[in-house]
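No lab work stands behind these numbers, since they all come straight from the coordinates. Here the structure is a predicted model, which is why all the values come from computation and not from measurement. Ideal geometry is used to build each Cβ from the backbone, glycine not excepted, and the neighbour counts take in all protein chains shown.
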Amino acid sequence: MARDRKDPPGPDENRQCWETPLHERVRLSHEDQNQDEALLETFPASDPVSPFVPARAP
């Protein structure tokens, strides 16, 4: 099952994942690219863009 990073953790799930500044930049860049792609796929429509943001790997 795919989960969004905004989903609350499960009762037996630990989400204390620390990432390095490099990993954070790579993740943010990837999220930006996904949002840009989602925007291009929905243009010219009036629906708001809502790209899926996967949860971090444990």
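Per-residue counts of other Cβ atoms within 10 Å, averaged by peptide: what ranking do you get for 20-28, 32-40, 6-14, highest first? Intermediate results must be reported in sequence, preceding the final value.
Details: 20-28: 10.3, 32-40: 12.1, 6-14: 8.4.
In decreasing order of mean packing, 20-28, 32-40, 6-14 become 32-40, 20-28, 6-14.
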Original post:
Which whole-Hz couplings ³J(HN,Hα) result when phi for each residue of the stretch 36-42 is put into the Karplus expression 6.51 cos²θ - 1.76 cosθ + 1.60, θ = phi - 60°, listed in order with x for Gly and Pro?
Top reply: 4, 5, 5, 5, 5, 6, 9
